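The values are calculated or read from the model by the stated rules, or taken from the named source; none is laboratory data. Keep in mind that this is a model prediction, so the values were computed, not measured. Because the Cβ atoms are built from the backbone with ideal geometry, glycine has one as well, and the counts that use them run over all protein chains shown. What goes into the accessible areas is simple: the full protein's heavy atoms, side chains included, and nothing from ligands, DNA or RNA. Shrake-Rupley method; radii C 1.70, N 1.55, O 1.52, S 1.80 Å.
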Amino acid sequence: MRLADLTVGDLQRWLGLFLAAAVLLWLAWLVLAPFLSALVWAAILVYATWPLRARLTRLPPVLMATLMTGLLGLIFVLPVLFLATTLGSELRHTLSALAGLLRDWPWQQKLAQWPWLAQPVDAWLGRLRSGLAGGPDLGAWAQRLGGLAGGIGRAAAVALLTLVSAFFLYRHGELLVAHFRLLAVSVIGQRADAYLGAVGSTIRAVIYGILATALAQGTLAGIGYAVAGLPAPILLAVITLLFSFIPFGTPIVWGSAGIWLLLQGQTAAGVGLLLWGALVVSWIDNLIRPLVIASAIHIPFLLVLFGVLGGILAFGFLGIFVGPIILAVLLAVWAEWLSHARARQGP
């Protein structure tokens, strides 16, 4: 139907349908917005583990979804429980070591060399001593504990909703993909299949690349911390793993640990840890990530850098995955469009 053939009634009907759809989408956004984080996490985890789910297609769908959701829960719940028990004791040892360092290290003589730094530190310590002399502020501590309990409760709720969402994605994932493909084909055309294939392989490659790099850097760093004799190698390894999601983040952890060893007078351990971090831990990123991601599409490091930093600013911790995926998908679609454009032009 041409635009000139439309009557006023047709235009009013189409405008009414558009407004109704817009209002419906807006209301759906209001309803689903609090759960989008759990839905996105569930989609990422389900898509990353979909090959394993494909091996269980002979089982009844409900049993298959239950097994996959249980396995997903074990993969994430058991390590969290292990780290919670292990890191608790190591954190106490770390705090004791730091307290001993602050007590025994001649920091006053060191600070005396820099008067511009000694004055604000003395003022801060004075306020700290006066606050401790007046007794603990129970109201402030209750507020902090309440905020901590609320944060833990929200994290537990997101984890539970993620597992529930994952169950239904495992159960009805193929149907949802078919519906999404039908929508994409109706909007883009038959080229949507090529786009979806490039997008899927890129998403899985980015996820595997980020996770493999983080695990490798955390493990190698933990070996270095243990050999150097640091009191909490597992705690520091986990911190290094988390910082590895941020470009140039791991040197903050192993660099601080190496400097701390040097200040303790352990020159060999400190220099060895700094060399291990610079030559092994940080450089492993340049080996693992390209090998994993190159299986789908070559993603420049600059895009990965902007994707991680911009994703964190836009989406929080979830942006560590979402940011690179968005840019990788954009790059995949761009490459697919260029290939079709060259094919149309011919040699």
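Note that segment 204-292 presents 45 Å² accessible area per residue, ligands and nucleic acids not counted, probe 1.4 Å.
When each of the peptides 171-177, 235-241 is scored by how many other beta carbons lie within 10 Å of its residues on average, the order from highest to lowest is 235-241, 171-177. For segment 249-272, the residues whose amide N sits under 16 Å from a probe point set 7 Å from the Cα of I223 along the beta carbon direction are 272. In order along segment 42-49, the Karplus-derived 3J(HN,Hα) couplings, from 6.51 cos²θ - 1.76 cosθ + 1.60 at θ = phi - 60°, round to 4, 5, 5, 5, 5, 5, 5, 9 Hz, and Gly and Pro are given as x. Scanning residues 5 or more positions from A232 or on other chains, none has an amide H under 5 Å from its amide H, with H placed 1.01 Å from N in the peptide plane.
Each residue of segment 324-339 was assigned a 3J(HN,Hα) from its phi angle through the Karplus expression (A = 6.51, B = -1.76, C = 1.60, θ = phi - 60°), giving x, 5, 4, 5, 5, 5, 4, 5, 5, 5, 4, 5, 5, 5, 5, 5 Hz with x at Gly and Pro. In this structure V23 has an accessible area near 80 Å², from a 1.4 Å probe over the protein heavy atoms.
Residues R154, R181 ordered from highest to lowest accessible area at a 1.4 Å probe: R154, R181. Among 26-35, 316-325, 261-270, 62-71, sorting by the average number of other beta carbon atoms lying within 10 angstrom of each residue, highest first, gives 316-325, 62-71, 261-270, 26-35. Normalised radius of gyration (Cα atoms, divided by 2.2 N^0.38 Å) for segment 226-347: 1.42.
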